[in-house]
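Here is the structure we will look at, set down as structure tokens.
The values are calculated or read from the model by the stated rules, or taken from the named source; none is laboratory data. As the structure is a computational prediction, the values presented were derived from the model and not from experiment. Cβ sites come from the backbone with ideal geometry, for glycine too, and all protein chains shown count toward neighbours. Side chains are part of the model used for accessible areas, which takes the heavy atoms of the whole protein and leaves out ligands, DNA and RNA. Shrake-Rupley method; radii C 1.70, N 1.55, O 1.52, S 1.80 Å.
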Amino acid sequence: MSHGADVRGAAGAVVRTETDVIVLGTGAAGLVAALAAVDAGAEVSLFEKSDAVGGTTAISGGTCWIPNHHVGGGIAADSRDQALAYLDSLSHGYIRPDLAAALVDRGPETVAWIEQTTRLAFSVLEGFPDYHPEHPGALRQGGRSLDPGLFPYPALGEWAHRVVRPAKDPHLTLPETSLGGGDGRIPRDTLERRRADDVRGCGAALVGGLLDALLRRGVEPQLSHRARRLLTRDGTVVGVEFETPSGPVSVEAGRGVIIATGGFEWNEELTTAYLRGPMSSPASYPPNTGDGLLMAQAVGASVGMMGEAWWVPTIQVPGDELFDRERAQIVLRERTLPRSIIVNRAGRRFTNEAANYNALGGAFHQFDPASFDYANLPCWLVFDEEYWRRHGFAGYRGAEPPDWVTSAPDIEHLAGALDIEPSQLIETVTRWNALVAAGRDTDFGRGESAYDGWNGDADHRGTPYATLGPLTTGPFHAVELHSGCLGTKGGPRTDVDARVIDNDGAAIQGLYAAGNAMACVTGMVYGGAGGTLGPAITFGYLAGRHAAGRAGTAGRTNAAPAMRAAT
Ligand SMILES: Cc1cc2nc3c(=O)[nH]c(=O)nc-3n(C[C@H](O)[C@H](O)[C@H](O)COP(=O)(O)OP(=O)(O)OC[C@H]3O[C@@H](n4cnc5c(N)ncnc54)[C@H](O)[C@@H]3O)c2cc1C
């Protein structure tokens with residue numbers, strides 16, 4: 001059986017080929033969907049819009065949040081009921097119980113199947129608390145976040161050079177970095193060996209392991225194929241029309257089409273139309289422009305979670321580029337470390353700076369009716385010289401901070417440089433220092449959650465001083481934070497088999513969605529580290545298996561005349 005039919009045609013020509021299952025997108029959701037479908041016996045064609053494999057997944061931490069899994073013998077403290085209670089406690093009516101149950105019930109199976117089907121072996125990210133550890137059913141000591149380990153890229157042959165590369169060294173695993181609980185240092189010879197052998201960790205490992213399994217089963221992603229339209233016959237999705245460098249191409253799918261094209265965060269029209277608040281700084285893969293959403297809408301998909309994203313504060317450093325544009329660097333550790341606060345243009349703190357990044361998005365979207373403006377945008381992370389000397393900032397170190405950091409000898413002049421009323425910023429810093437001295441942030445509760453200290457000062461982990469520290473030593477420094485995201489959450493709504501549903505709740509035959517392209521299964525919440533990839537791989541798996549099991553129409557060559565391109 002040949003997988004991934006050759007669909008290249010002469011310039012301008014439309015070439016029709018056939019397969020069982022078409023998968024659109026090569027992030028975690030698409031790769032898992034393709035692997036699940038081929039593993040279930042289907043002929044699979046996998047298409048990618050860009051000229052590289054992996055999407056945002058390849059530049060991510062690769063961590064997958066899967067409750068009640070069996071990795072390493074499982075987590076004694078976890079159970080189905082606990083995981084469901086946790087999600088329910090964070091739902092605000094947005095999490096559908098049937099989808100939450102599908103995630104919790106099928107996630108462990110997905111991980112076990114990935115371990116059987118690929119060369120990946122997951123391990124628990126020890127100690128990483130769920131992101132809302134004080135909620136019912138949460139695991140304060142962690143256990144649900146899984147790391148995919150390392151993957152040797154030479155196993156991919158020439159495909160090793162066609163995987164999206166992250167901005168930073170891809171040769172560490174997340175647990176080895178400060179974000180994953182490590183100290184960011186591994187023995188020099190270990191690192192050099194990994195570099196020489198091109199052994200990669202984090203999202204690069206996840207993508208590498210999945211791609212390797214697909215290549216070994218004869219499925220080669222077809223790059224530079226941008227899906228543009230779904231082809232339908234009598235309401236059933238039966239194929240896809242692509243835009244390629246050599247012209248339009250149509251491919252028929254006898255059993256199903258799986259949309260795994262990521263979110264719409266790079267499409268300004270869509271983000272303006274749908275997102276609940278400002279989002280100026282996506283940190284994801286730029287080809288994610290919502291093509292899957294638009295295609296699904298055109299065939300009658302009902303959509304959900306359109307206002308939401310995986311929010312994250314970011315900074316943009318002049319000259320630091322990724323994908324030919326200024327990189328949005330996510331800010332986790334920097335705002336958690338002691339001796340730092342975040343202030344708005346009124347010079348006031350407005351949130352627990354150490355809260356999880358997704359929840360912090362809500363603070364950025366706070367709207368002030370009196371001024372008819374967003375109260376907390378712009379905002380700045382302010383830190384003192386002692387912070388700079390101990391930790392540097394965002395990977396930068398030296399005698400003085402770089403010139404994109406605003407510095408001043410005292411708080412008054414820093415306020416002036418930021419156009420903030422000096423007396424207010426002085427009052428804020430004075431109050432903050434008094435709260436730190438008393439050992440408790442009674443204003444916003446920073447340091448009270450088991451999560452807050454995780455990315456803070458490791459020497460004080462487990463105490464509020466992992467994140468509480470005074471701003472006393474000048475000069476003082478400030479960097480503007482932006483409202484960013486890791487991807488949007490809105491998209492076609494699905495059932496528990498990842499089948500896209502219409503406005504009546506009926507499945508659109510032949511159409512599936514997974515990952516950030518689907519209406520998010522976990523509502524507004526980011527359950528814990530890996531909270532986006534856990535659902536993405538689970539619903540990719542469900543989509544692939546279900547599509548492969550559909551009664552096929554492949555092999556019928558008379559389909560074309562009756563096919564209708566949905567525009
Ligand atoms: C720095 C960083 C770290 C992160 N770390 C983590 C983490 O550790 N754990 C976690 O859970 N989440 C993490 N995330 C978020 C996570 O990476 C994403 O939510 C996840 O990768 C989304 O997977 P996906 O498969 O839905 O989309 P993607 O991985 O973005 O893949 C979508 C693919 O579809 C392709 N595509 C788009 N349109 C079309 C089209 N029309 N036709 C064909 N192909 C198309 C795109 O080019 C892309 O390759 C992180 C994000 C960032 C930026």
Check: residue 217 fails exactly one of the following numbered conditions: (1) open to solvent by 40 Å² or more (accessible area, probe 1.4 Å); (2) more than 30 Å from residue 16 (Cβ to Cβ); (3) in contact with a helix residue (DSSP H, G or I) (Cβ under 6 Å, 6 or more places away or on another chain). What is the number of that condition?
Finding: (2)
Next item on the list: From 86, 94, grab the single residue that is open to solvent by less than 10 Å² (accessible area, probe 1.4 Å) and either more than 27 Å from residue 163 (Cα to Cα) or in contact (Cβ under 8 Å) with a residue 12 or more places away in the chain (or both).
Entry: 86
Next item on the list: Scan segment 508-525 for residues that are of a type outside the set (A, V, I, L, M) and more than 8 Å from the ligand (Cβ to nearest atom) and jot them down.
Entry: 509, 510, 512, 520, 522, 523
Next item on the list: Could you please find all residues in segment 185-206 being open to solvent by 40 Å² or more (accessible area, probe 1.4 Å), touching a residue at least 12 places away in the same chain (Cβ under 8 Å) and over 16 Å from residue 167 (Cα atoms)?
Entry: 197
Check: Counting just the residues of segment 151-184 that are in a helix (DSSP H, G or I) and without any contact (Cβ under 8 Å) to a residue 12 or more places away in the chain, which one comes out nearest to the chain's Cα centre (by Cα)?
Finding: 161
Next item on the list: Determine whether segment 133-142 contains at least one residue that is of a type outside the set (Phe, Trp, Tyr), in contact with a helix residue (DSSP H, G or I) (Cβ under 6 Å, 6 or more places away or on another chain) and open to solvent by less than 30 Å² (accessible area, probe 1.4 Å).
Entry: yes
Checklist line | segment 239-251, residues that are touching a Ser or Thr at 6+ places or on another chain (Cβ under 7 Å) and either open to solvent by 10 Å² or more (accessible area, probe 1.4 Å) or among the small types (Gly, Ala, Ser) (or both) | finding: 239, 241, 244, 245
Margin query: Please go through segment 245-273 and give me each residue that is touching a Leu at 6+ places or on another chain (Cβ under 9 Å), touching a residue at least 40 places away in the same chain (Cβ under 8 Å) and of a type outside the set (A, V, I, L, M), ordered by number.
Written below: 250, 252, 256, 261, 263, 264, 265
Next item on the list: Determine which member of the set 146, 103 is in contact with a strand residue (DSSP E or B) (Cβ under 9 Å, 6 or more places away or on another chain) and either more than 15 Å from the ligand (Cβ to nearest atom) or modelled with pLDDT of 95 or more (or both).
Entry: 146
Check: Scanning segment 16-56 for residues that are of a type in the set (Gly, Ala, Ser) and surrounded by fewer than 24 Cβ atoms within 10 Å (Cβ to Cβ), which turns out farthest from the ligand (Cβ to nearest atom)?
Finding: 41
Item checked: Odd one out for residue 447 among (1) within 29 Å of the chain's Cα centre (by Cα); (2) surrounded by fewer than 22 Cβ atoms within 10 Å (Cβ to Cβ) -> (2)
Margin query: Taking the condition of being crowded, with 18+ Cβ neighbours inside 10 Å, small (Gly, Ala, Ser) and under 20 Å from the mean Cα position of the chain (by Cα), how many residues in segment 300-348 meet it?
Written below: 3
Note to self: Condition first: among the small types (Gly, Ala, Ser), surrounded by fewer than 16 Cβ atoms within 10 Å (Cβ to Cβ) and more than 21 Å from residue 144 (Cβ to Cβ). Now tell me which residues in segment 459-480 satisfy that.
What the structure shows: none
Note to self: Need a quick list: strands (runs of 3 or more DSSP E) entirely within segment 246-332 having at least 3 residues that are near the ligand (Cβ under 9 Å from one of its atoms).
What the structure shows: 325-330
Notebook entry, point to check: Looking at segment 481-504, is at least one residue assigned to a loop (DSSP other than H, G, I, E, B) and surrounded by fewer than 16 Cβ atoms within 10 Å (Cβ to Cβ)?
Noted result: yes
Margin query: Can you confirm whether residue 426 is among the β-branched types (Val, Ile, Thr) and either without any contact (Cβ under 8 Å) to a residue 24 or more places away in the chain or at positive phi (or both)?
Written below: yes
Notebook entry, point to check: From the residues in segment 202-226 that are touching an Asp or Glu at 6+ places or on another chain (Cβ under 6 Å) and more than 16 Å from residue 157 (Cβ to Cβ), which one is nearest to the ligand (Cβ to nearest atom)?
Noted result: 226
